[in-house]
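*Asks:* Please read through the structure below; I'll follow up with questions.
The values are calculated or read from the model by the stated rules, or taken from the named source; none is laboratory data. Model, not experiment: these values are computed from the prediction. Positions of Cβ are generated from backbone atoms using ideal geometry, with glycine treated the same way; all protein chains shown enter the neighbour counts.
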Amino acid sequence: MFPRLVGLVVGSVQLGAGAIVVHVTSTGAPVACPGCGALGRVHGYVDRQLADLPVGGQRVLVRLRFRRLRCAQIGCARQTFREPLPEPAEPYQRRTIALTTQVGAVALLGRLR
């Protein structure tokens, strides 16, 4: 149902007031520090909410939870880092790539008329 969430674990899907809310987390696999390559340990969690393409006329919100890690190597310049995700969105965006593409196509169609 949600092909853009490949590589992530869907925890729950809730039908809320006017929206389908999909709770998603990472797989929890070990992650190497991008600075030195040592394995990181969990430092905390980061939550992010994205708007996605509607399903059956319902608005869809994807709530991502991913880990913030601390490098285990003493003296590494990269002390903390976020785990890389096969994200359905560009960094810092609040919409999935699919929704952004669709909105762009509609805007372009409006200009052509």
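Residues checked against (1) loosely packed, with under 11 Cβ neighbours inside 10 Å; (2) touching an Asp or Glu at 6+ places or on another chain (Cβ under 9 Å):
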{"position": "Q49", "(1), (2)": "yes, no"}
{"position": "Q58", "(1), (2)": "no, no"}
{"position": "V62", "(1), (2)": "no, yes"}
{"position": "F81", "(1), (2)": "no, no"}
{"position": "A98", "(1), (2)": "no, yes"}
{"position": "A105", "(1), (2)": "yes, no"}
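*Asks:* Which condition number in (1) under 15 Å from P84 (Cβ atoms); (2) under 13 Å from the mean Cα position of the chain (by Cα); (3) of a type in the set (V, I, T) is the one that V10 fails?
*Replies:* (1) is the only condition that V10 fails.
*Asks:* Another question, then. Could you please tell me which pairs satisfy a Cβ distance under 6 Å, a separation of 6+ or placement on different chains, a first residue in region 44-57 that is more than 29 Å from R70 (Cα to Cα), and a second residue that is part of a loop (DSSP other than H, G, I, E, B) and of a type in the set (V, I, T)?
*Replies:* D52/T96
*Asks:* Further, regarding this structure: Name the single residue, out of those in region 66-75 being outside any strand (DSSP E or B) and either under 20 Å from G28 (Cα atoms) or touching a residue at least 24 places away in the same chain (Cβ under 8 Å) (or both), that is farthest from the chain's Cα centre (by Cα).
*Replies:* That would be Q73.
*Asks:* I've got another one for you. If you check V42 against the conditions, is it modelled with pLDDT of 85 or more, more than 30 Å from L15 (Cα to Cα) and among the β-branched types (V, I, T)?
*Replies:* In short, yes.
*Asks:* Starting from region 84-105, keep only residues that are in a helix (DSSP H, G or I), then list their pairs with residues that are charged (D, E, K, R) and surrounded by 14 or more Cβ atoms within 10 Å (Cβ to Cβ) whose Cβ atoms are within a distance under 7 Å, requiring at least 6 positions of separation or different chains.
*Replies:* A98/R4; A98/D52; L99/D52
*Asks:* Quick one: in region 37-47, which of the residues that are small (G, A, S) and in a strand (DSSP E or B) is surrounded by the fewest Cβ atoms within 10 Å (Cβ to Cβ)?
*Replies:* Here the residue is G44.
*Asks:* Can you go through R78, R63 and tell me which one is in a strand (DSSP E or B), of a type outside the set (F, W, Y) and touching a strand residue (DSSP E or B) at 6+ places or on another chain (Cβ under 7 Å)?
*Replies:* R63
*Asks:* Looking at region 17-36, can you tell me whether even one residue there is at pLDDT below 90, assigned to a loop (DSSP other than H, G, I, E, B) and surrounded by 14 or more Cβ atoms within 10 Å (Cβ to Cβ)?
*Replies:* Checked region 17-36: at least one residue is at pLDDT below 90, assigned to a loop (DSSP other than H, G, I, E, B) and surrounded by 14 or more Cβ atoms within 10 Å (Cβ to Cβ).
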